[in-house]
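Quick notes on the structure that follows.
The values are calculated or read from the model by the stated rules, or taken from the named source; none is laboratory data. Quick caveat: nothing in here was measured; it's all calculated off a predicted structure. Cβ coordinates were reconstructed from backbone atoms using ideal geometry, including for glycine residues, and neighbour counts include every protein chain displayed.
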Amino acid sequence: MKKRILSGMRPTGPLHIGHLVGALQNWVKLQDEYECRFMIADWHALMSEYEDPRDIEKYSIDMMIDWLSCGIDAEKSIVFVQSHIPQHLELAMMFSFLVPLGWLERNPTYKEQLREIKGRDITTYAFLGYPVLQAADIALYKANAVPVGADQLPHLELTREILRRFNALYKKELFPEPKALLTETPKLLGIDNRKMSKSYDNYIGLSENPDEIRKKVGAMITDPKRIRLKDKGHPKKCNVFSYYKSFATDEQVGEIEQWCKNALRGCTECKKIMADIIIEKLRPIREKRRWLEADLDGRVKQPLRENHKLASEEANNTIREAKGLLHVLKI
Ligand code: TRP
Ligand code: SF4
């Protein structure tokens, strides 16, 4: 029997090439090896966006369009919206009985976000419980593995602790302990060398057109020591070069490295080629998006409706089992 995977993303903004190389390409491959469940984590998005939730709906449907455009297949995998399956909240509540506050307060990701997230009040009950809902997401489908980036590892460790505690208290191995499937690709930085993020406006979006992409790649920071054409460059210190490693063939990477180190060609040309590579990479995605958008109801919403039924059935079964272990009255 195939092992099962669950992963999710928060619909808080447009998807960009960082999501593509950091997660989506990997998800697409995993679909053949595993039974996959991919979730649009709108409740998790609302934990930080609750003061102004107007864009959640748009970002959620755009996320589904982007996923399908990038090769997520709603026939192979179950793709659904977290808030459509009420059992996520139900299981999160059951877990909250047995999660000591200290586990949540000590969580390094939580402490970091309290320091870093500005302009939003996230000192809330729900935000502290973020990992409890995430544990419920994973447990509801009894996932064996979760593809995540390194930043999510503390959350996954908490999930394992919560599930272990549940299984131990109620003396049944109801929930498997999920393993992390770490994405190996290094994180793509934004065009200004900071973390690629909507809030820094330094990202290349999956739906941007060729002109926008050329402009953004043209504005990227290169090796600061390479000022004139005849200066020899240091590819390791250049963000454009790390893009080559993510998007170009090994042969192209080798060629650019020689150009740069030996000052054979300039940065402007190097960036032009990079822009073209990204444009070509995104072309089939752009075309698929156009096709999907031509019949949003049939090609995007209908698969969501069909997948919803499947997710719902699995979620119901798990809740029935968990309620049985908690001895709540059946009538
Ligand atoms: N916390 C994840 C993120 O910020 C999103 C998420 C929610 C998730 N539930 C999940 C990821 C369950 C993996 C498994 O990206
Ligand atoms: Fe970067 Fe290319 Fe310029 Fe080298 S030639 S510094 S890799 S942009």
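Working only within the stretch 217-256, note down all residues that are assigned to a helix (DSSP H, G or I), of a type outside the set (Val, Ile, Thr) and either within 16 Å of ligand 1 (Cβ to nearest atom) or in contact with a helix residue (DSSP H, G or I) (Cβ under 8 Å, 6 or more places away or on another chain) (or both).
Gly218, Pro235, Phe241, Tyr243, Tyr244, Lys245, Ser246, Phe247, Gln252
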Residue under evaluation Tyr203, criteria (1) surrounded by 15 or more Cβ atoms within 10 Å (Cβ to Cβ); (2) in a helix (DSSP H, G or I), criterion not met: (2)
Where Lys272 falls short, out of the listed (1) in the same structural domain as Ile72 (by TED's automatic domain parsing); (2) more than 24 Å from the chain's Cα centre (by Cα): (1)
Answer residue from the stretch 172-189, given it is without any contact (Cβ under 8 Å) to a residue 40 or more places away in the chain and over 19 Å from Ala92 (Cα atoms) and is nearest to the chain's Cα centre (by Cα) among those: Leu182
Residue that is surrounded by the fewest Cβ atoms within 10 Å (Cβ to Cβ) [pool: residues in the stretch 162-189 that are of a type in the set (D, E, K, R) and modelled with pLDDT under 95]: Glu184
Among residues of the stretch 97-120, those that are at pLDDT 95 or above and under 23 Å from the mean Cα position of the chain (by Cα), counted: 1
Selection count, the stretch 57-85, where residues are within 24 Å of Gly119 (Cβ to Cβ) and either modelled with pLDDT under 95 or more than 14 Å from ligand 1 (Cβ to nearest atom) (or both): 3
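Is there a residue being loosely packed, with under 13 Cβ neighbours inside 10 Å, without any contact (Cβ under 8 Å) to a residue 24 or more places away in the chain and assigned by TED's automatic domain parsing to the domain that holds Pro131 anywhere in the stretch 237-252?
No, that holds for no residue.
So, Asn202, is that one away from ligand 2 (no atom under 16 Å from the Cβ) and within 19 Å of the chain's Cα centre (by Cα) or not? Talk me through it step by step, then tell me what you get.
Working: away from ligand 2 (no atom under 16 Å from the Cβ): yes; within 19 Å of the chain's Cα centre (by Cα): yes.
Here the answer is yes, as Asn202 does meet what is asked.
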Residues within the stretch 118-174 that are closer than 19 Å to Arg320 by Cα and of a type in the set (S, T, N, Q), tallied: 1
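Residue-by-condition table, conditions (1) closer than 21 Å to Cys260 by Cβ; (2) within 9 Å of ligand 2 (Cβ to nearest atom); (3) among the β-branched types (Val, Ile, Thr):
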residue	(1), (2), (3)
Ile191	yes, no, yes
Lys195	no, no, no
Lys198	no, no, no
Leu206	no, no, no
Glu212	no, no, no
Lys215	no, no, no
Arg228	yes, no, no
Gly233	yes, yes, no
Lys237	yes, yes, no
Count of the stretch 167-198 residues which are among the β-branched types (Val, Ile, Thr) and closer than 30 Å to Lys3 by Cα: 2
Qualifying residue in the stretch 257-276 (condition: within 16 Å of ligand 2 (Cβ to nearest atom), under 24 Å from Val28 (Cα atoms), modelled with pLDDT of 95 or more and loosely packed, with under 15 Cβ neighbours inside 10 Å): yes
Selection count where residues are closer than 13 Å to Cys70 by Cβ, buried (at least 16 other Cβ atoms within 10 Å of the Cβ) and not aliphatic (A, V, I, L, M), scope the stretch 287-311: 2
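Is there a residue being within 29 Å of Val28 (Cβ to Cβ), away from ligand 2 (no atom under 16 Å from the Cβ) and touching a residue at least 40 places away in the same chain (Cβ under 8 Å) anywhere in the stretch 97-105?
The answer is no, given that none of the residues of the stretch 97-105 is within 29 Å of Val28 (Cβ to Cβ), away from ligand 2 (no atom under 16 Å from the Cβ) and touching a residue at least 40 places away in the same chain (Cβ under 8 Å).
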